[in-house]
Amino acid sequence: MDNALIDRFGRRIEYVRLSVTDKCDLRCVYCLPKGFKAFEEPEHWLSFDEIERVLRVFGELGVGRVRLTGGEPLLRKNLAALAARLKRLPGITDLSLSTNATQLPRQAALLKRAGVARINVSLDSLQPKRFHELTGGQLYQVLAGLSAAQQAGFDPIKINMVAMRGVNDGEIEDMVQFCIEQNFTLRLIETMPMGATGRAAADHYLDLQQVKARIEKRYELMPSVMPGGGPARYVRVAGTNLRIGFITPISQHFCETCNRVRLSVDGTLYLCLGQEDKLELRPLLRAGVDDGELKQAVVDAIARKPERHEFREKPAQVLRFMAMTGG
Ligand code: SAM
């Protein structure tokens, strides 16, 4: 493709993670601090028209995949209406969602009809008390959200579990079993030092290479792949439909295959999750640039995409919480 976004390391950027809000109804220990209130002013949120315009430009530049995220994306009013608008954009072939699922009982069917095909649900514990300690929320609401997603026909449904030593690592086998029974895909994630909360949680960092070895003692694992454009390395549990993905930004980073950028709710395009390099799109949009200028600004920004994050070398570097960037 002529107008594809290729960065200076030869990586083709074809995936945008779109944060539609920085607010969340949960307070996961590694993400937003308890009592955090410094959310973006509503007048700084990109409107649906602005989001659609930016995503149209990305579509023309070869981006085919968009993931709605946040904060908690289901807290943005009329999310399904936005989803339907994005799904209609030329070039956008894959629209997915990351959610904590608490609002899915009301929204799952609407989102499915709007064209969201695949969803990822964060779930770090199956024990109500621990779930509450880790998130401030109620497990039964997430389980109700998951069943609403199943009924609405989402396929696949992926469970994202941040694995933390001494916190929920004793539950990994239970989560494997739960996902086998429910026909979910499981993705285990290493904690990243994003913001003060992420850094504090990094004390519980668990190397997923060791977790894989542990799962292998109980289950036969076979190499596998999964469509979706993400960084997880998958295995399949023999004799079941379960795929387990390992997302290892710390123990084995995957920056050389990075195909994505992140657009935050205030219109900042972050070029790397673990670096500050960015393009402020909101001032451009509100100053009335034309589509050609917008496109050029994006192309120029991609040329500055950093080679890799430095979570290991400089763990204190990223001050943004994950919810602010769009996880
Ligand atoms: N609210 C939605 C959700 O729960 O999936 C979307 C946003 S949330 C920030 C996206 C993902 O980022 C979640 O799976 C969450 O567990 C993960 N996350 C947040 N902070 C993290 C950190 N410091 N390290 C690793 N993963 C983190």
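The values are calculated or read from the model by the stated rules, or taken from the named source; none is laboratory data. Quick caveat, the model's predicted, so the values are computed rather than measured. Please note: Cβ atoms are built from the backbone with ideal geometry, for glycine as well, and neighbour counts cover all protein chains shown.
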Handout entry: Test: residue 144 is farther than 26 Å from residue 208 by Cβ, touching an Asp or Glu at 6+ places or on another chain (Cβ under 7 Å) and of a type outside the set (Val, Ile, Thr)
Key = no
Handout entry: Matching residues, region 152-173, being of a type outside the set (Gly, Ala, Ser) and within 20 Å of residue 73 (Cα to Cα)
Key = 154, 155, 156, 157, 158, 159, 160, 161, 162
Exercise for the section: Report whether or not residue 125 is among the small types (Gly, Ala, Ser) and closer than 11 Å to residue 67 by Cα. Expected result: no
Handout entry: Members of region 278-327 found to be of a type outside the set (A, V, I, L, M) and assigned to a helix (DSSP H, G or I), listed by number
Key = 282, 283, 286, 291, 292, 293, 295, 296, 300, 325
Handout entry: Identity of the residue in region 257-267, crowded, with 22+ Cβ neighbours inside 10 Å and away from the ligand (no atom under 14 Å from the Cβ), that ends up farthest from residue 231 (Cα to Cα)
Key = 267
Problem - Residue list for region 282-300, filter: in contact with a helix residue (DSSP H, G or I) (Cβ under 9 Å, 6 or more places away or on another chain) and under 20 Å from residue 16 (Cα atoms) - result: 282, 284, 285, 291, 293, 294, 295, 297, 298
Fill in the blank from the handout: Considering residues that are among the small types (Gly, Ala, Ser), buried (at least 22 other Cβ atoms within 10 Å of the Cβ) and within 12 Å of the ligand (Cβ to nearest atom), the number found within region 132-163 is 2
Exercise for the section: Please find, among 232, 238, 287, 303, the residue that is loosely packed, with under 14 Cβ neighbours inside 10 Å, at pLDDT 85 or above and in contact with a Lys or Arg (Cβ under 8 Å, 6 or more places away or on another chain). Expected result: 303
Problem - Subset tally (residues that are of a type in the set (D, E, K, R) and either within 16 Å of the ligand (Cβ to nearest atom) or touching a strand residue (DSSP E or B) at 6+ places or on another chain (Cβ under 6 Å) (or both)) for region 268-327 - result: 6
Practice task
Tally the residues that are acidic (Asp, Glu) and more than 8 Å from the ligand (Cβ to nearest atom), restricting the search to region 188-203.
Solution key: 1
Completion exercise
Listed by first then second residue, the pairs whose first member lies in region 123-147 and is within 17 Å of residue 183 (Cα to Cα) and of a type outside the set (Gly, Ala, Ser), whose partner is surrounded by fewer than 17 Cβ atoms within 10 Å (Cβ to Cβ) and modelled with pLDDT of 95 or more, with beta carbons under 6 Å and at least 6 positions apart or on separate chains, are 126/174
Exercise for the section: Just one of (1) of a type in the set (Phe, Trp, Tyr); (2) within 13 Å of the ligand (Cβ to nearest atom); (3) surrounded by fewer than 17 Cβ atoms within 10 Å (Cβ to Cβ) trips up residue 254, so point out which. Expected result: (2)
Practice task
Go over the candidates 276, 310, 216 one by one and state the one that is under 23 Å from residue 165 (Cα atoms), under 21 Å from the mean Cα position of the chain (by Cα), without any contact (Cβ under 8 Å) to a residue 60 or more places away in the chain and surrounded by fewer than 18 Cβ atoms within 10 Å (Cβ to Cβ).
Solution key: 310
